[in-house]
Amino acid sequence: MKEEGINPFLGYLLGFVAFGFISEYFFQKTDFAKYLMILVCLSFQLKLSEKNRNDFLLSTFGDKTKNKIRILENLCVCIPFIIMLLYESFFLEAFILLGLSVVFALFSFKSTFNFSVPTPFSKNPFEFSVGFRKTFLIFPIAYAFTIISINVNNINMGIFSMLLIFLTILSYYAKPEQEYYVWIHADTPREFLKNKIIIATKYAILLVLPILVSLLIFYPTEFKLILEFFLIGILFLWTIIFAKYSAYPREMSLPEGIMIAFSLYFPLLLFAIIPYFYNKSIKKLKTILND
């Protein structure tokens with residue numbers, strides 16, 4: 001945002017507003033929202049408690065200052081969650097979260113394990129195998145939301161769980177890979193993009209299928225709405241892939257982001273945006289791949 005001449009404060013403000021709306025949505029839809037708030041907050045704090053990071057703080061600042069820094073960090077993370085819990089009158093849960101945040105600050109945890117999370121994906125392409133290992137905890141949460149939505153007869157939560165899967169998948173294509181990993185493909189730009197789209201679509205359907213089938217079985221009268229959101233998710237996946245390579249080898253910037261943001265409110269724009277990004281991707285990839 002700085003590169004585009006926009007004050008990052010706008011991003012912080014929009015982030016807090018979005019956090020408030022999403023939190024309020026969960027509090028209205030499920031009784032488990034208060035526990036979800038605590039779980040999400042502690043998961044962020046767990047990353048700050050990583051052992052190597054804490055060892056660095058200890059060697060740099062000493063024990064007392066390190067503890068002060070860690071407590072301050074955890075408090076900064078938990079304040080938005082505590083505000084939402086207090087706003088919803090969950091005073092005990094807010095107090096528990098505050099106490100756990102302070103306790104978490106005094107301990108460190110190893111984040112490295114001696115095993116690889118198995119995936120149903122091949123190593124080639126790398127996006128899904130790498131991305132799935134980084135975000136695999138999101139999938140049982142999304143599937144749990146689906147089960148809850150069926151139990152409480154709330155299709156909105158079920159559709160949200162499907163969209164959560166799609167949002168996670170979209171994050172796999174946010175960062176451009178090194179040019180070498182594109183150059184090694186003996187494809188034309190059109191073949192390269194075609195293979196990316198086919199594989200991404202196939203793997204996305206594999207991850208979304210349990211939610212999609214469950215919703216169609218338990219909400220047969222809403223099949224049009226369910227399929228519409230499914231197809232919109234697939235279209236956004238194609239859009240992100242084309243947008244990524246339309247800016248390649250740099251990252252997607254504000255112009256691409258604005259176009260994608262507008263299409264969130266007007267999904268029909270995708271039918272114009274997708275060909276635009278596709279043609280631009282072809283031009284970018286011609287400098288790297290043989291045509």
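Can you tell me which residue is most open to solvent (accessible area, probe 1.4 Å) among those in the range 241-257 that are in contact with a Lys or Arg (Cβ under 7 Å, 6 or more places away or on another chain) and not β-branched (V, I, T)? First the steps, then the outcome.
Here is the first cut: in the range 241-257, the ones in contact with a Lys or Arg (Cβ under 7 Å, 6 or more places away or on another chain) are 241, 245-246, 248, 251-252.
Imposing the further condition that a residue be not β-branched (V, I, T) reduces the set to 245-246, 248, 251-252.
On the way: Y245: 0, S246: 0, Y248: 4, E251: 90, M252: 54 Å².
The extreme case among them is E251.
Please note which helices (runs of 4 or more DSSP H) are completely contained in the range 138-189 and include at least 3 residues that are at pLDDT below 85 and over 20 Å from I217 (Cβ atoms). Before you say what the answer is, go through the steps one by one.
Working: elements: 138-151, 155-171, 180-183.
Once the helices (runs of 4 or more DSSP H) in the range 138-189 are filtered for at least 3 residues that are at pLDDT below 85 and over 20 Å from I217 (Cβ atoms), what remains is 180-183.
State all residues of the range 161-177 that are open to solvent by less than 50 Å² (accessible area, probe 1.4 Å), among the aliphatic types (A, V, I, L, M) and in contact (Cβ under 8 Å) with a residue 40 or more places away in the chain; if no residue qualifies, say none.
In the first step, residues of the range 161-177 are kept if they are open to solvent by less than 50 Å² (accessible area, probe 1.4 Å); the result is 161-162, 164-166, 168-170, 172-174, 176-177.
Of the ones still in play, those that are also among the aliphatic types (A, V, I, L, M) are 162, 164-165, 169-170, 174.
Passing the criteria: M162, I165, I169, L170, A174.
Of all residues in the range 179-205, which are touching a residue at least 60 places away in the same chain (Cβ under 8 Å), farther than 17 Å from F128 by Cβ and open to solvent by 10 Å² or more (accessible area, probe 1.4 Å)?
E179, W183, A186, D187, T188, R190
In the range 222-255, what residues are farther than 17 Å from E177 by Cβ and of a type in the set (D, E)?
E222, E228
Please enumerate the residues belonging to the range 148-160 that are in contact (Cβ under 8 Å) with a residue 40 or more places away in the chain and open to solvent by 70 Å² or more (accessible area, probe 1.4 Å).
Correct list: V152, N156.
Just to be sure before I move on: is K280 open to solvent by 70 Å² or more (accessible area, probe 1.4 Å), without any contact (Cβ under 8 Å) to a residue 40 or more places away in the chain and among the charged types (D, E, K, R) in the structure I sent?
Details: open to solvent by 70 Å² or more (accessible area, probe 1.4 Å): no; without any contact (Cβ under 8 Å) to a residue 40 or more places away in the chain: yes; among the charged types (D, E, K, R): yes.
Criteria not met by K280.
The values are calculated or read from the model by the stated rules, or taken from the named source; none is laboratory data. Predicted model, so just to flag it, every value in this text is computed and none were measured. Every residue, glycine among them, receives a Cβ derived from its backbone with ideal geometry; neighbour counts consider all protein chains shown. These accessible areas exclude ligands, DNA and RNA; they are computed on the full protein's heavy atoms, side chains included. Shrake-Rupley method; radii C 1.70, N 1.55, O 1.52, S 1.80 Å.
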